[in-house]
2 protein chains.
Amino acid sequence: MRTPVTPFPLSRRLSEVRGSAIRDLLTLTARADVLSLAGGLPAADQLPRERIAEAAARALTDSASVQYSETAGVAGLRAVIADHETGRIGRPVAPTDVVVTSGSQQALDLVARAVLDPGDPVAVEDPVYVGALQVFQASGAQVHALPLDDDGLRVDVLAERLAQGFRPRLVHTVASFHNPRGVTMAPGRRRALAELADRYGFLVVEDDPYGLLAFDGVPPQPIAAHGERIVRLGSASKVIAPALRVGWLVGPPELTAAVERLKQCTDLCSSSLTQAITAELLSDTAWFDGHVGGVRAENRRRAHALTTAVDTRFGDAVVRSTPTGGMFVWLEFADGTDTTALLPKALGQGVGFVPGSAFEAGDTARTSAARLCFATYPGDLLEIAVDRLATAWRA
Amino acid sequence: MRTPVTPFPLSRRLSEVRGSAIRDLLTLTARADVLSLAGGLPAADQLPRERIAEAAARALTDSASVQYSETAGVAGLRAVIADHETGRIGRPVAPTDVVVTSGSQQALDLVARAVLDPGDPVAVEDPVYVGALQVFQASGAQVHALPLDDDGLRVDVLAERLAQGFRPRLVHTVASFHNPRGVTMAPGRRRALAELADRYGFLVVEDDPYGLLAFDGVPPQPIAAHGERIVRLGSASKVIAPALRVGWLVGPPELTAAVERLKQCTDLCSSSLTQAITAELLSDTAWFDGHVGGVRAENRRRAHALTTAVDTRFGDAVVRSTPTGGMFVWLEFADGTDTTALLPKALGQGVGFVPGSAFEAGDTARTSAARLCFATYPGDLLEIAVDRLATAWRA
């Protein structure tokens, strides 16, 4: 008779890591009858499948595209990312300053592992990008929440806390088209944050997957334009396709060297094939600019359709953000609706969203808030989705 | 004037992680005039580039192949891996028992993060798979080395230490066609190890990238056939292509659930595209069996060419392993040659290898040993490589 297996001991730190309500929701909302505004999924009809297929076919004529590659990334891809980042930041970025990662989520995880020891204080925005919160929890960091307003992170509040002795190892921000809050950090705050980083010796993690998706075609000037204690995280997921799993970071050389060493033991290297595809698509400037321009224009139309539908159906009952880029609208129910309780009713009506409580990073309750993604569906479906949400809310 | 940036503070734990001599060597040995027996690179001419291109083209007719996917892996791939593993282990494995990872290296990293807290004792084989050592160092684990002989891990030595009070959280083993030592764990030891795991409550990490590459076509029976405290790590890298970055783990449900949660914050999901390609190739049984059979036969020829050349050029001066599968031959210089000092001379002659010291896990010096990969080149080039190595050694 086999000895019964006793309960399996797991890492104590694991219990600190909150499950992602969003990824858990992906399973619930995968039902064919549900319009899901929960995920941060780019529109399927905007993913350049045929252009990717062309690039894949070309890449696969070269045996390098099926072999292991250097940990820091394929040379051609690092070069084109360095060019792009040089343009964004406004000072020279060398290919050796770039580390390619498996999506920018891996960049974030590797930065946290490179910089943090258990108990180290870090600062995040509240409401927070859940993937960042999880990473810092997994690192055993002490997470401090900083408020946001319509101009992004309240850098003045951070400055006050620093003056009072708060000494974070890093400050994480989604400064452009914030996930989930939809706001963008004002230029003056960006400069002030870079200066604080230099004065107090912390690292700014500028998590920037949406910068190129500015509706007006003018990506906000990066925080990294104002200082050197900044690591910028970028991604091909929102501007080409998530399935490439290509992200990157650009930062101080001590940090990129440490990240490269950690990536060796994390996954050896990212896919040479999807890196080759990404390099071709990013360096085909005419195609890429046209493509991103198309995504941008379509996202703007969708954001307009969604916000108009919300205004029509909910009127004064909802206060919402006004998207200027990115993928998300943030709602706050003025009548105190409990959005966690609303969710099952909404799913019953055939619509999914993420309740605000999923994004709580500090003591501020987000029980009456909701995040809606406007990018996934065309306008007519977004209107149906909002109708369904209104029906669930009225019930 | 800009304030000079002070040295960047990094995680204390980072200093525990040894850089991988092998991956560092990849840069040195990438020179066109160097025949590198250093990497564990499959033969470029055996990577099924055209079959992958076909599968990629087919996958890219479906928009799911460019979108985000479930963290635990694409359903079709989990199903075909479950089938394969059912056949290997000899008891039913369900798709939900499988988590797809970005190469089996990520599976190893996630298992370590799921199970280990800093200071936890773990046991590894000595000489060790460097990627495992790095992962455990990054976890802050206390690493204990266990000896190997021609029948693999000395499970009797482990049993003795356990009887004396040693309580590892996990024991890592490359039981089949060991990297770097080339040996395979005997069947009786496999059963004994599984029993010890049940008796003392530790986890066996059965790291099995090479099992299907048995020269005789009969993969060794997995340790997991003998118990349930075993997590099996598998990979498409050595049987299809490394650039897919598709690996997987099959293990106890508490562990796979924890790994899935950690993978959420590590990289959200692996590439839907390379998962779709892998699913097609693994489930095309006729093609896959033929392909693996071809790789196996060619590897056997190459191993024979390499070992014959070593015997001819070095005679009694070298004691070597006799490969029966996998990718590596292990040499020990009887004359006390310092292989770390030999390496630059060898590179000067146009041949690369990995010095034994790179694989040290405990107090046993490996200064006169070397790991040679026989898979990368055809026989005639392997002979030239060994000629060059002999020239460097005689100098």
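Before moving on, here are some points about what is shown:
- Some residue of the stretch B:54-71 being more than 8 Å from chain A (Cβ to nearest Cβ), open to solvent by less than 10 Å² (accessible area, probe 1.4 Å) and at pLDDT below 95: no
- Restricted to helices (runs of 4 or more DSSP H) entirely inside the stretch A:103-187, those with at least 2 residues that are open to solvent by 10 Å² or more (accessible area, probe 1.4 Å) and more than 14 Å from every other protein chain (Cβ to nearest Cβ) are A:155-163.
- Residue ID - surrounded by the fewest Cβ atoms within 10 Å (Cβ to Cβ), chosen from residues in the stretch A:30-51 that are out of contact with any Ser or Thr (no Cβ under 9 Å at 6 or more places or on another chain) and part of a helix (DSSP H, G or I): A:GLU50
- Residue under evaluation B:SER272, criteria (1) within 21 Å of A:GLY103 (Cα to Cα); (2) surrounded by fewer than 24 Cβ atoms within 10 Å (Cβ to Cβ), criterion not met: (2)
- Of the set (1) in a loop (DSSP other than H, G, I, E, B); (2) more than 7 Å from every other protein chain (Cβ to nearest Cβ), all apply to A:GLY76 but (1).
- Pairs where the first residue, in the stretch A:273-300, is within 15 Å of A:LYS238 (Cβ to Cβ) and within 14 Å of chain B (Cβ to nearest Cβ) and the second is modelled with pLDDT of 95 or more and open to solvent by 50 Å² or more (accessible area, probe 1.4 Å), C-beta under 8 Å, 6+ apart: A:LEU281/A:TRP287
- For B:LEU47, the criteria (1) modelled with pLDDT of 95 or more; (2) away from chain A (no Cβ under 12 Å) hold in every case but one, which is (2).
- Unmet requirement for A:VAL99, which otherwise passes all of (1) within 14 Å of another protein chain (Cβ to nearest Cβ); (2) assigned to a helix (DSSP H, G or I): (2)
- In the stretch B:90-102, residue surrounded by the fewest Cβ atoms within 10 Å (Cβ to Cβ) [restricted to those that are of a type in the set (Val, Ile, Thr) and touching a strand residue (DSSP E or B) at 6+ places or on another chain (Cβ under 9 Å)]: B:VAL93
- Scanning the stretch B:235-258 for residues that are facing chain A (nearest Cβ under 10 Å) and open to solvent by less than 10 Å² (accessible area, probe 1.4 Å) yields B:SER237, B:ILE240, B:ALA241, B:PRO242, B:ALA243, B:LEU244, B:VAL246, B:GLY247, B:LEU255, B:ALA258.
- Summed over the stretch B:243-268, residues that are assigned to a loop (DSSP other than H, G, I, E, B), within 27 Å of A:ALA236 (Cα to Cα) and within 21 Å of the chain's Cα centre (by Cα) total 2.
- Filtered residues of the stretch A:199-222 (kept if crowded, with 22+ Cβ neighbours inside 10 Å and farther than 22 Å from A:GLN275 by Cα): A:PHE202, A:LEU203, A:VAL204, A:VAL205, A:GLU206, A:PRO220, A:PRO222
- Residue check for A:ALA225: open to solvent by 10 Å² or more (accessible area, probe 1.4 Å) and away from chain B (no Cβ under 11 Å): yes
- A:LEU196 vs. criteria more than 18 Å from the chain's Cα centre (by Cα), assigned to a helix (DSSP H, G or I) and modelled with pLDDT under 95: no
- Qualifying residue in the stretch B:76-88 (condition: surrounded by 20 or more Cβ atoms within 10 Å (Cβ to Cβ), acidic (Asp, Glu) and farther than 30 Å from B:ASP380 by Cα): yes
- Applying a threshold of 8 Å to beta carbon distances and a minimum spacing of six or more residues, or different chains, the list of pairs starting in the stretch A:194-223 at a residue that is over 18 Å from A:ALA132 (Cβ atoms) and ending at one that is among the polar types (S, T, N, Q) and surrounded by 22 or more Cβ atoms within 10 Å (Cβ to Cβ) reads A:LEU213/A:ASN299; A:ALA214/A:SER176; A:PHE215/A:ASN299; A:PRO219/A:SER176; A:PRO220/A:SER176; A:PRO220/A:THR184.
- Selected residue [under 15 Å from the mean Cα position of the chain (by Cα) and on the phi > 0 side of the Ramachandran plot] from A:GLY131, A:GLY103: A:GLY103
- Test for A:PRO7: is it open to solvent by less than 80 Å² (accessible area, probe 1.4 Å), more than 30 Å from B:LEU47 (Cβ to Cβ), modelled with pLDDT under 95 and assigned to a loop (DSSP other than H, G, I, E, B): no
- For the stretch A:188-198, the candidate set comprises residues that are touching a His at 6+ places or on another chain (Cβ under 8 Å) and open to solvent by 10 Å² or more (accessible area, probe 1.4 Å); within that set, the residue that is farthest from the other protein chains (Cβ to nearest Cβ) is A:ARG191.
The values are calculated or read from the model by the stated rules, or taken from the named source; none is laboratory data. Quick caveat, the model's predicted, so the values are computed rather than measured. Here Cβ is always computed from backbone atoms with ideal geometry, including for glycine, and neighbour counts include all displayed protein chains. Ligands, DNA and RNA are excluded from the accessible area calculation, which covers all protein heavy atoms including side chains. Shrake-Rupley method; radii C 1.70, N 1.55, O 1.52, S 1.80 Å.
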